[in-house]
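Accompanying notes for the structure given below.
Throughout, read-outs are computed from the coordinates displayed, never taken from laboratory work. Predicted, not measured: the structure shown is a model, and the values here were computed from it. Neighbour counts are summed over all protein chains in view; Cβ atoms, including those assigned to glycine, are modelled from backbone coordinates with ideal geometry.
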Amino acid sequence: MRSAASELHFPQGLSDRGLKQPQRAGFATQISKPRAKPAMAFKEIFWMACDSTEQLRAEYGPFHTRAEAETEARKLGFGYLLRYEHILGEGEEIQEVRCIFIELPGAVAAISEVIQTTLHTRCATCGESAVHDQPWQAEVWADIHEFEHSRHRVRLFEHSRGRGLKEICDWRG
């Protein structure tokens with residue numbers, strides 16, 4: 001007489017308990033064990049007041065709350081907040097850093113009206129450079145440099161906060 005278990009037909013590789021059995025022809029099947037859940041990562045958040053989203057920006061802080069950072073940004077005339085999120089792993093080691101810029105409403109429009117620009121001259125041949133407040137100063141510096149160093153060429157750049165450095169092409173005709 002046969003038992004009830006021997007009369008049941010299971011798909012190839014499965015037993016009556018649902019576990020995989022080693023397959024024939026010398027191939028072994030791995031039994032998968034449930035994985036332990038990874039430890040929950042902690043997130044540390046702090047706020048900074050900053051003047052632009054450029055890489056070379058002024059930052060002030062840190063602050064614990066957004067309200068503190070926003071108040072200080074408005075005092076300083078800054079138009080942005082920067083939210084830093086540090087994802088901490090085991091042993092409180094920083095595994096990931098996230099930066100989120102938040103534009104303050106109304107502040108950026110007021111700042112853009114008062115953008116100060118400076119002029120930068122740089123010799124394309126030797127690399128000597130200078131900073132000027134007035135266009136005539138840049139032209140005088142370029143004339144003197146090119147007179148003292150024959151075959152040197154001076155380039156002119158305009159720098160403004162928030163916009164970065166921009167070359168002024170054909171500035172000398």
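Ranked highest first by the average count of other Cβ atoms within 10 Å around their residues, in what order do 55-62, 77-84 fall?
Working: 55-62: 13.0, 77-84: 19.8.
Highest-to-lowest ranking by the protection proxy: 77-84, 55-62.
Summing Lys and Arg as +1 and Asp and Glu as -1 over all other residues whose Cβ lies under 13 Å from the Cβ of Ile94 gives a net charge of -4.
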